[in-house]
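K.L.:
Okay, handing you the structure first.
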Amino acid sequence: MASALFIHGAHDARIGPHAPQRGLGGDVLIDVAAVGLCGSDLHYYKDGGIGAATIREPFVPGHEFCGAVSRDLDDLGLRAGDLVAVDPNHGCGECEFCLAGHANLCPRVEFTGAPPFQGAMAEQVWVRASQVVKIPKGFTPLQAAMLEPLGVAIHAVDLAKPRAGERIAVLGCGPIGLLVMKVLKASSGQHEIIAADPLEHRRAMALREGAGDAVESGRQVQDVTDREGCSLVIEATNSPDGFRDAVLASKIGGRIVLAGIPDGDTYTLPAADARRRGLKIKFARRMGDVYGRAIDLVDRGLVDVTDIVTNEIGLGAGPEAFRDHAANAPGLVKTMIYPNGKI
């Protein structure tokens with residue numbers, strides 16, 4: 001029998017036998033080549049759920065993944081064994097949000113790796129053929145698996161609508177924050193980026209990605225902008241203080257995009273600072289229909305998604321990786337898991 005990583009509850013991740021369930025229209029079996037450990041996976045591990053999506057029985061996480069298709073898919077020009085990316089989001093296709101092109105907001109969404117839909121931290125997983133994404137020849141499993149978080153970053157930047165030459169604060173220099181910086185840099189908008197993160201190694205990585213300054217908190221953004229703040233703040237932290245810090249980093253009349261998920265699913269936000277700034281605030285949920293753009297950015301060499309991956313492991317080391325990420329172990333930014341061995 002195949003194996004998978006199961007989260008049994010808060011701070012309880014184990015490897016166990018796994019028979020992948022076909023379920024809910026899944027008609028293509030994927031041999032998982034690579035799967036990223038995402039911040040939302042970490043929330044399931046630390047909190048036992050995210051909002052109403054709670055773990056009620058042992059659950060396989062993992063939604064940033066790629067693998068080999070088990071059969072020919074003539075409509076996509078694919079043959080059995082070809083490496084593909086997978087879009088974890090399957091909207092109903094019938095609600096007002098899906099019809100408007102916002103399947104990421106579908107209230108009836110089936111999302112691979114969000115309870116109750118088992119994910120891809122396993123040797124195999126079933127998906128719908130409509131979730132399979134063809135990628136260019138020559139893409140590595142690492143590149144293919146990183147397309148999903150890159151898509152999340154593209155979606156956040158789309159919502160932000162950055163202006164040429166604008167001063168932008170990016171709060172949180174984990175994978176999504178760093179990918180946001182890469183997308184901004186690829187846009188040739190000549191943005192001035194100020195990064196904020198409490199961890200020194202992540203600030204160092206942000207400077208490498210082109211941030212002009214890297215500070216420890218959103219509050220300190222004011223110190224490097226002569227108390228003016230930034231007209232655009234993109235928040236990608238896991239902190240309950242992330243919303244508050246985004247407000248404190250903002251300029252009067254500024255815009256905020258919240259892409260992070262706070263620990264405990266709760267923000268701390270004194271209202272006066274936000275009200276007095278008259279801020280425009282948007283929340284980012286997963287990503288829109290941007291997979292093609294993510295593929296293009298990587299294929300053209302405009303975005304390198306591999307250099308933020310700091311840890312590459314086999315499936316058996318997965319529980320330790322969850323523990324290390326939960327403890328903010330030094331040097332960790334992104335972990336990639338190879339359930340069937342690295343290709």
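Just so it is clear, none of the values below were taken in a lab; they were calculated from the coordinates. Quantities reported herein were computed from a predicted structural model and do not represent experimental measurements. Neighbour counts are summed over all protein chains in view; Cβ atoms, including those assigned to glycine, are modelled from backbone coordinates with ideal geometry.
K.L.:
If you build a Gaussian network model of the chain, linking Cα atoms that sit under 10 Å apart, which residue out of GLY91, GLY174, GLY119 swings the most?
P.N.:
GLY91
K.L.:
Quick one: what are the phi-derived ³J(HN,Hα) couplings along the stretch 31-46, Karplus 6.51/-1.76/1.60 with θ = phi - 60°, whole Hz, x for glycine and proline?
P.N.:
So the Karplus estimates, Gly and Pro as x, are 7, 5, 8, 8, 9, x, 8, 9, x, 5, 4, 5, 5, 4, 5, 7 Hz.
K.L.:
Given C-alpha coordinates of the stretch 211-343, what is the ratio Rg to Rh with the Kirkwood estimate of Rh?
P.N.:
Numbers: Rg = 18.0 Å, Rh = 17.4 Å.
With Rh from the inverse mean 1/r over Cα pairs, Rg/Rh is 1.03.
K.L.:
Using modelled amide H (1.01 Å from N, peptide plane; none on Pro or chain starts), what sits under 5 Å from the amide H of ALA34, excluding residues fewer than 5 places away?
P.N.:
CYS66
K.L.:
Then there is this: Once amide H atoms are built 1.01 Å from N in the peptide plane, which residues 5 or more positions from ILE168, or in another chain, come under 5 Å H to H?
P.N.:
GLU192, ILE193, ILE194
K.L.:
In addition: So what J values fall out for the stretch 70-84 if you push phi through Karplus, 6.51 cos²θ - 1.76 cosθ + 1.60 with θ = phi - 60°, rounded to Hz, Gly and Pro as x?
P.N.:
8, 8, 5, 10, 4, 4, 9, x, 10, 10, 3, x, 5, 6, 9
K.L.:
Continuing with the same structure: Give the percent of DSSP beta bridges with both residues in the chain that are antiparallel, rounded to the nearest 5.
P.N.:
Numbers: 34 of 59 bridges.
Here the share of antiparallel DSSP bridges comes out near 60 percent.
K.L.:
For the stretch 300-315, just list the computed ³J(HN,Hα) in residue order, Karplus coefficients 6.51, -1.76 and 1.60, θ = phi - 60°, integers in Hz, with x standing in for Gly and Pro.
P.N.:
Going residue by residue, I get 8, x, 7, 9, 9, 8, 8, 7, 9, 7, 9, 8, 10, 9, x, 4 Hz, with x marking Gly and Pro.
K.L.:
Rounded, prolate or oblate, given the Cα gyration tensor of the chain, with a/c below 1.5 counting as rounded? Write down the numbers at each step before the final one.
P.N.:
Working: a/c = 1.69, a/b = 1.56, b/c = 1.09.
Here the chain falls in the prolate category.
K.L.:
In addition: Between their Cα atoms, which of LYS46/LYS161; LYS182/LYS282; LYS46/LYS137 are more than 28 Å away from each other? If you can, show how the numbers build up before the last one.
P.N.:
Details: LYS46/LYS161 33 Å; LYS182/LYS282 21 Å; LYS46/LYS137 37 Å.
Exceeds cut-off: LYS46/LYS161; LYS46/LYS137.
K.L.:
Taking the simple approach of a point 7 Å from Cα along Cα-to-Cβ for both ARG300 and ASP158, what is their distance in nm?
P.N.:
Once both label points are built, they end up 1.6 nm from each other.
K.L.:
At 222 nm, what helix-only mean residue ellipticity would the chain give, in deg cm²/dmol to the nearest 500, using -39500 (n - 2.57) for each DSSP H run of four or more? Provide the component values of the computation, followed by the final result.
P.N.:
On the way: 10 runs with 86 residues, N = 343.
Helices in the chain give a 222 nm mean residue ellipticity of -7000 deg cm²/dmol.
K.L.:
Could you give the size of the charge dipole of the chain about its Cα centre, using +1 on the Cβ of each K and R and -1 on the Cβ of each D and E, expressed in debye and rounded to the nearest 20?
P.N.:
Details: 35 positive and 42 negative charges, 144 e Å.
Magnitude of the dipole: close to 700 debye.
K.L.:
In the stretch 221-285, what trypsin sites (Lys or Arg not before Pro) fall in a loop by DSSP, with at most 12 other Cβ atoms inside 10 Å?
P.N.:
Values: sites: ARG227, ARG244, LYS251, ARG255, ARG275, ARG276, ARG277, LYS280, LYS282, ARG285; in loops: ARG227, ARG285.
Qualifying residues, ordered by number: ARG227.
K.L.:
Which loop-located trypsin sites (Lys or Arg not before Pro) does the stretch 5-48 contain, where loop means any DSSP state but H, G, I, E or B and the Cβ has at most 16 other Cβ atoms within 10 Å?
P.N.:
On the way: sites: ARG14, ARG22, LYS46; in loops: ARG22.
Counting only loop positions with at most 16 other Cβ atoms within 10 Å, the trypsin sites (Lys or Arg not before Pro) in the stretch 5-48 are ARG22.
K.L.:
Still on this structure: Report the full-extension gain for the segment GLU57 to LYS280: residue separation times 0.36 nm, less the Cα-Cα distance, to one decimal in nm. Each step should come with its number before you reach the end.
P.N.:
Numbers: separation 223, 0.36 × 223 = 80.28 nm, distance 3.95 nm.
Value of the extension gain: 76.3 nm.
K.L.:
Here is a follow-up. Quick check: residue separation of ASP307 and ALA272 times 0.36 nm, minus the Cα distance between them. What number comes out in nm? Intermediate values should be presented prior to the final figure.
P.N.:
Numbers: separation 35, 0.36 × 35 = 12.60 nm, distance 3.99 nm.
In short, 8.6 nm is gained.
K.L.:
Which of ILE193, ILE15, ILE176 ends up with the largest GNM mean-square fluctuation for the chain, with Cα atoms connected below 10 Å?
P.N.:
ILE15
K.L.:
Please state the shape class of the stretch 12-124: rounded when a/c is under 1.5, otherwise prolate if a/b exceeds b/c and oblate if not, all from the C-alpha gyration tensor.
P.N.:
On the way: a/c = 1.99, a/b = 1.12, b/c = 1.79.
Verdict is oblate for the stretch 12-124.
K.L.:
Rounded, prolate or oblate, given the Cα gyration tensor of the stretch 162-259, with a/c below 1.5 counting as rounded?
P.N.:
The shape class here is rounded.
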